[in-house]
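Taking it in order: structure first as structure tokens, then the write-up.
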Amino acid sequence: MEKFRRLTSDEIEMLKSQMCYASDWNAIEVAEDFSPENVRYARFSGNIRLGTFRKEFQLAGGMVKHSGIYYATLHNVTVGDDCCIENVKNYIANYRIGSGTFIENVDIILTDGLSSFGNGVQVSVLNETGGCEVMIYDRLSAQLAYLMAFYRHRPSLLSRLHDMIGQYVRSVESTFGTIGRDVVIADAGYIKNVRVGDFCKIEGASRLKNGSINSNEEAPVHVGVGVIGDDFIISSGSDVEDGVTFSRCFIGQACRLGHNYSASDSLFFSNCHGENGEACAIFAGPFTVTHHKSTLLIAGMFSFMNAGSGSNQSNHLYKLGPIHHGMMERGSKTASDSYILWPAKVGAFSLVMGRHVCHQDTSDLPFSYLIEQQSTSYIMPGANLKSVGTIRDAKKWPSRDRRKGPGKLDSINFNLLSPYTVQKMLRAVNILNELKRVSGDTSDYYAYQSGRIKATSLANGLKYYGYAIDKFFGNSLITRIMNAEFSSLEDLRKAFVPRSQYGDGEWVDLAGMIAPGKAVEDIVSDVESGRTSDLEILNERISSLHSEYYRYEWRWACKAMEDYYGFRLSELAADDLSRLVRRWRDSVVALDRLLYEDARKEFSLSGMPDFESDPFVRSVKEHIEVKSSLADQVLEKLDSI
């Protein structure tokens with residue numbers, strides 16, 4: 001639809017005969033081959049542009065409807081080719097509608113005044129009273145949101161980020177809304193100041209106000225029956241349906257919200273899933289999942305998290321109001337009826353059972369159980385390393401990444417063992433050994449972070465952490481050996497030399513992306529100084545940290561490995577490397593056997609007889625064989641020098 005013309009007098013007369021009315025027929029422009037045959041009982045005002053109406057829509061049940069405009073009032077509207085607009089109870093105003101779109105049985109669709117369509121909305125995440133606001137926009141990533149929410153101590157960074165996003169907001173401001181091509185809007189109520197992307201389906205939504213639905217052909221968005229949304233952005237590939245209500249929310253790519261879920265002042269990033277329950281002021285990083293009616297997530301940071309039924313948290317102490325927040329690091333789970341009193345911090349890949357009110361910080365004890373017995377919190381360090389559930393989760397997340405198309409907003413690292421978690425395990429070993437030294441070997445319990453660690457749990461924790469540390473370092477070392485071409489020990493030592501700029505020091509988890517803290521700090525400093533002042537360049541720099549992960553990981557692993565084992569890679573003999581490979585193999589097999597026994601326990605409870613045929617059990621046994629074979633290959637390669 002490129003060239004337009006005014007209506008002819010014959011066309012005007014035909015439209016009038018078909019019960020059409022216009023405040024000014026001269027303000028209507030039509031496509032060159034426009035035919036008025038399929039425009040009936042329509043009212044026009046303001047500037048109108050109409051395309052051609054040749055297409056027929058095949059509806060469910062075999063129903064066929066011809067494109068056209070029937071029983072509708074349009075004000076300042078452009079209608080693309082082959083659209084069908086029918087039974088608009090009130091009117092459509094100030095919209096540009098793409099070709100092939102089907103709009104039927106709606107109340108009102110309008111743009112009123114200058115709108116940015118949800119861009120620039122301030123979401124009071126984490127702290128309900130304000131102070132951690134995140135400014136949302138169409139291409140917000142989990143990593144950029146993390147910088148805005150957790151770097152409040154860097155006001156110049158926040159100011160720069162708000163300026164950059166503000167420029168984008170101004171670029172999308174318009175007095176006209178857009179509805180993309182091949183969109184379906186049916187049986188909907190009130191739609192105001194909403195921008196709708198291509199191939200979106202809005203079916204039965206009650207109210208949508210001030211938002212963007214960034215649907216596209218590869219990853220369409222579905223908004224279903226009874227949905228009420230205000231001040232929002234919905235990203236590609238997401239489904240929001242079945243009575244969901246949300247306000248001041250960003251919904252990331254491939255998310256699922258349904259079954260009367262309600263959310264306010266919250267951010268949901270890639271592959272989040274919320275049903276039945278409630279979210280208030282949460283930062284839901286990738287793969288945050290909650291299914292149950294009685295579950296409340298409030299004022300917390302989560303990622304790769306599964307909330308049990310009845311799980312909830314409190315964000316105030318009934319004194320200064322809801323000012324507190326907490327964090328459950330990546331991979332954590334809550335059991336049914338768990339409760340945490342914020343502020344608190346739960347270590348990565350930990351399980352929380354019971355009620356915990358003493359504000360524990362177990363971030364340096366990852367893969368732990370935090371269990372309440374008789375109002376006392378008990379910590380079982382490293383216990384989740386031998387849990388079948390932990391490994392199942394790590395395997396399923398990559399396969400459940402439902403994002404489609406090239407424009408993936410969030411950088412997601414799925415690794416269970418990484419510099420981020422291993423640095424914490426190294427600290428955990430020091431903490432547990434220090435507890436033993438201070439309290440003595442004969443103690444039955446050790447006090448840590450207002451909780452208790454049983455002596456047996458401490459001993460097991462040291463063992464489990466030792467296995468996992470050996471496994472990570474061995475994985476890094478063996479990958480290097482297998483990928484290197486060498487004919488002498490000197491050649492191999494050269495292959496061990498790190499080639500990356502970053503990797504040393506502390507690593508951070510930026511809402512799903514794992515990166516060296518120094519690299520993140522350099523990006524932050526460049527934003528503060530103005531050296532990075534473009535959103536697209538900033539997002540590219542963040543993405544490059546993700547793509548360079550394994551190079552950075554090796555640099556960190558080299559230094560950490562040398563400190564942990566007490567050697568220099570540049571001085572190791574082939575026999576020393578062989579001993580490390582055997583140590584890795586023994587640790588991997590030991591962990592797999594723990595998983596095997598954990599699976600056996602659950603199998604015996606289920607009453608199922610054929611334990612050995614279970615797919616997970618088979619995969620554990622195969623993993624032992626594969627890793628043992630890999631160790632033999634590496635040892636053979638080392639024996640050749």
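Values in this text are rule-based calculations from the coordinates and carry no lab data. Just so it is clear, the model here is predicted, and its values are computed rather than measured. Positions of Cβ are backbone-derived with ideal geometry, glycine not excepted, and every protein chain shown enters the neighbour counts.
Computed quantities for the displayed model
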| quantity | calculated |
| --- | --- |
| Helix 517-529 axis, angle to the chain major axis (alpha carbon atoms, nearest 10°) | 40 |
| Part-to-part distance (alpha-carbon centres) for the stretch 154-196 and the stretch 223-245, which is given in Å | 15 |
| Inter-label distance, nm, simple model (7 Å from Cα along the C-beta direction), K89/E37 | 3.3 |
| At R0 = 41 Å, FRET efficiency that the Cβ-Cβ distance of K16 and E218 yields, to 0.05 | 0.40 |
| Cα-based helix-to-principal-axis angle, 574-606 vs the chain, degrees rounded to 10 | 60 |
| Cα convex hull of the chain - mean projected area over all directions, nm² | 35.0 |
| Largest-first principal axis extents of the Cα set of the stretch 445-505 (Å) | 53, 24, 15 |
| Additional length obtainable on full extension of the chain from T129 to S547, 0.36 nm per residue less Cα span | 146.8 nm |
| Label point distance in nm, S439-Q633, each placed 7 Å from Cα along Cα→Cβ | 4.5 |
| Inter-centroid distance (Cα atoms) of the stretch 249-270 relative to the stretch 480-536, Å | 33 |
| Among L114, L569, S45 - extreme Cα towards positive end, dipole of the chain, charges at beta-carbon | L569 |
| Within the chain: Cβ-based charge dipole about Cα centre, in debye rounded to nearest 20 (Lys, Arg +1; Asp, Glu -1) | 1100 |
| Between 0 and 90°, nearest 10: helix 419-439 axis offset from the chain longest Cα axis | 40 |
| Taking the C-alpha atoms of the stretch 109-239, convex hull volume expressed per residue in Å³ | 110 |
| FRET efficiency for E485 and R154, using Cβ-Cβ distance with R0 set to 35 Å, rounded to 0.05 | 0.20 |
| Theoretical gain in end-to-end length, A573 to R531 [0.36 nm per residue, Cα-Cα removed] | 10.5 nm |
| Alpha-carbon centroid distance for the pair the stretch 302-378 / the stretch 431-456, whole angstrom | 21 |
| Expected 222 nm ellipticity per residue - DSSP helices of 4 or more, -39500 (n - 2.57), all of the chain, to 500 | -11000 deg cm²/dmol |
| DSSP-assigned coil residues among trypsin sites (Lys or Arg not before Pro) in the stretch 189-276, each with at most 11 further Cβ atoms within 10 Å | none |
| Local electrostatic count at V289 - Lys and Arg +1, Asp and Glu -1, tallied over other residues with Cβ under 15 Å | +3 |
| Over the chain, relative contact order from alpha-carbon pairs under 8 Å, at least 6 apart, % | 7 |
| For the stretch 254-316, the fraction of alpha-carbon pairs in successive 10 Å shells from zero, as % | 26, 65, 8, 0 |
